[in-house]
């Protein structure tokens, strides 16, 4: 196999892994067993938003313990996916996070919060 074909195969594998990761992040609700609401509900309610690093955070200061637990559980799950993807692709986890954040931002529903340059904005 030529070097060009090998690079194209690597890019293809990387894109497939990212698509799989995106599907997992968007299709699987990250539900905390102790939380009163799931991530989708918290985002629709304006309590939680998507950060620029592919993680979530409370939009408001002083979140409730339920929201804090939901954010922590969601971020732990996402970081696990990001680390696995980065290891499989031999790239920095921060690169995976940036790509995931772009995909998540594109999929965010109107009215949901996303972080742009450190500021919360409604999509």
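The values are calculated or read from the model by the stated rules, or taken from the named source; none is laboratory data. Predicted model, so just to flag it, every value in this text is computed and none were measured. Glycine also receives a Cβ, built like all others from the backbone with ideal geometry; neighbour counts cover every protein chain displayed.
Here residue 42 fulfils each of the conditions (1) at pLDDT below 55; (2) in a helix (DSSP H, G or I); (3) within 16 Å of the chain's Cα centre (by Cα) apart from (1). Kindly check whether there is at least one residue in region 63-85 that is surrounded by fewer than 18 Cβ atoms within 10 Å (Cβ to Cβ), in contact (Cβ under 8 Å) with a residue 60 or more places away in the chain and in contact with a helix residue (DSSP H, G or I) (Cβ under 9 Å, 6 or more places away or on another chain). The answer is no, given that none of the residues of region 63-85 is surrounded by fewer than 18 Cβ atoms within 10 Å (Cβ to Cβ), in contact (Cβ under 8 Å) with a residue 60 or more places away in the chain and in contact with a helix residue (DSSP H, G or I) (Cβ under 9 Å, 6 or more places away or on another chain).
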